[in-house]
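The values are calculated or read from the model by the stated rules, or taken from the named source; none is laboratory data. Values in this document were obtained by computation on a predicted structure and should not be read as measured data. Neighbour counts run over all protein chains shown; Cβ positions are idealised from the backbone, glycine included. Side chains are part of the model used for accessible areas, which takes the heavy atoms of the whole protein and leaves out ligands, DNA and RNA. Shrake-Rupley method; radii C 1.70, N 1.55, O 1.52, S 1.80 Å.
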Amino acid sequence: MCLSIPVKIVSIDGDIAEVSAGGTLFKAGMQMIDNANVGDYVLLHAGFAIQKISEEDAAETYKILREMNDIG
Amino acid sequence: MKYIDEYRDKELIMKLADRIASAVKRDYTFMEVCGGHTAAIHRFGIPSLLPENIRLISGPGCPVCVTDTGFIDKAIAYSQKEDVIITTFGDLIRVPGSASSLEKQKAAGADVRIIFSGLEALEIAKTNPRKKIIFLGIGFETTAPGTAVTIKQAEKENINNFFVLSAHKIMPPAMEEIVKGGTNLDGFICPGHVAAITGSSIFNFLPEKYNLGCVVTGFEPTDLLQSVLLLTEQANRNEPKVEIQYNRVVTVNGNIKAQRHLNDVFETCDAYWRGFGIIQSSGLTPGKNFERFNAEINMPVEAGKHDENEMCICGEILRGLKEPGECPLFADICTPENPVGACMVSGEGSCNTWYKYRRQDE
Ligand code: SF4
């Protein structure tokens, strides 16, 4: 239930976007997201996008993790 | 997909496990509050990567599990009315009430429909104008804003046959109950998707008031391991604080727009949690301006006195006091096909997760 999956916005029509999770398309309510753009990643939960996923922070966390562990 | 594969990197997972092993100095118990974390921890075999003196225990963060029998009984009472269509998220229909379940009612002819989003319930209301549509609102801060948006949409479109039976809840009061109840903890693995909405600051009271570390955590193996490491280090230094590990999604202040929807529509109320009883100001109910969408006010039902199965220890499991293996019914009488308690129904429930991944250990 608390499952939320990262999805990519494919198209936006007002408050509703079409989003893709590994090729499967869903409809998502965008009422909680400011300035959403096609191509953005958002977290989908119970039919609504609940937050944008920060690509920069995702890359940064991963970089720190790798550096911290001295690999790659 | 991007953002997933990288967080499942084997080499990184093993390095993190090594670092945790060299960081431990004593015994530690950390509680993962979110049911999504419980499921991920066992799916990825995290306990097998941790030294023996780190124990992870599950908390009250599976919304289906903490929803009490009284709520199920009420939903069943509604489903028995001729003019009602029940709309609900999937897991809930299998949770046993005192005498039946929504699934059994459906088999007996009640109109119970599984939906993925509140907006779908609204569509059903529009296409069935002569029926009353009741949406079973369960879930925490992650899910409740969606219900708020749905209610606002119903108001905007002036839909008069849509009602919400709300068992929405908020997380911090239950975490405080756990601490006050004396469960021995060294820190919390805090729910990442609750915090995506609320921001990490809602957990500040835990280090401030109770000297407990908090790490807001993502759902991939490296997320979980990194958080265990951070919590262990916090405990070693005795410097508890709120850290955000899941910073690709979570900020200190959260999603302000979602919070606004939530606050526009809902008010807090006392709420009943399975295993805890009433927790003050821990539930969400539609406020004054949206009362016409509140099922309980507009079409009250009597559900009678509810019965729990006395052998089921879901309550103690949800408070972190016992583990599923300690239940005499576990995997024997109580299975996912034939659940006795709510914790065996939901894919995020401890008993269900243990059944899937840890039965052989018992
Ligand atoms: S195994 Fe079944 S009966 Fe036992 S605590 Fe879990 S849900 Fe309840």
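General remarks:
- Under Karplus coefficients 6.51, -1.76 and 1.60, residue-wise ³J(HN,Hα) of the stretch B:303-308 in Hz, glycine/proline x: 10, x, 7, 9, 10, 9
- With all protein chains modelled, accessible area of residue B:278 [1.4 Å, Å²]: 110
- Charge dipole of the stretch B:1-311 about the Cα centre (unit charges at C-beta), most positive-ward option of B:148, B:306, B:213: B:148
- Values of log10 I(q)/I(0), in the order q = 0.05, 0.07, 0.08, 0.13 Å⁻¹, for the protein assembly as shown under a Debye, Cα-only, solvent-free model: -0.16, -0.33, -0.43, -1.17
- Interface burial for A against B (accessible surface, 1.4 Å probe, total of both chains, Å², rounded to 100): 3500
- Amide H contacts for residue B:164 (H built 1.01 Å from N in the peptide plane; partners 5 or more residues away or on another chain; cut-off under 5 Å): B:135, B:294, B:295.
- Note on exposure: B:264, B:83 ranked by accessible area (1.4 Å probe, complete protein assembly) read B:264, B:83, with the most exposed listed first.
- Sequentially through the stretch B:280-291, phi angles give Karplus couplings (6.51, -1.76, 1.60; θ = phi - 60°) of 4, 6, 10, x, 10, 9, x, x, 2, 5, 10, 4 Hz, Gly and Pro residues having no value and appearing as x.
- Among A:32-38, B:39-45, the order from most to least packed when residues are scored by Cβ within 10 Å on average: B:39-45, A:32-38
- Close amide H contacts of residue B:55 (hydrogens built in the peptide plane, cut-off under 5 Å, sequence separation of 5 or more or a different chain): B:28, B:29, B:30.
- A probe of 1.4 angstrom, applied to the heavy atoms of all protein chains, finds residue B:81 with accessible area near 80 square angstrom.
- Amide H contacts of residue B:113 (H built 1.01 Å from N, under 5 Å, at least 5 apart or other chain): B:86, B:87, B:88
- Cα Rg, Dmax (largest Cα-Cα span) when computed across the stretch B:58-101, Å: 11.3, 40
- Derived scalar couplings ³J(HN,Hα) [the stretch B:326-340; Karplus, 6.51 cos²θ - 1.76 cosθ + 1.60; whole Hz; x for Gly, Pro]: 7, 7, x, 8, 4, 6, 10, 8, 9, 9, x, 6, 9, x, 8
- GNM top mover of B:100, B:227, B:350 - chain B, alpha-carbon springs below 10 Å: B:100
- The long axis of helix B:118-127 is offset from the longest Cα principal axis of chain B by roughly 10 degrees.
- With the convex hull constructed from alpha-carbon coordinates only, the stretch B:314-361 shows a mean projected area of 3.0 nm² over all directions.
- Rg over Rh for the stretch B:1-311 works out to 1.01, using Cα positions for both radii and the Kirkwood form for Rh.
- For the stretch B:141-215, the percent of C-alpha pairs falling in each 10 Å distance bin, counted from 0 to the bin holding the largest distance, reads 16, 39, 23, 15, 7, 0.
- Helix-only [θ]222 nm of the protein assembly as shown, DSSP H runs n ≥ 4, -39500 (n - 2.57) each, per residue, nearest 500: -10000 deg cm²/dmol
- Span from the the stretch B:267-287 Cα centroid across to the the stretch B:322-356 one, whole angstrom: 25
- Once you reduce the stretch B:128-174 and the stretch A:2-36 to the center of their Cα atoms, the two points are 20 Å from each other.
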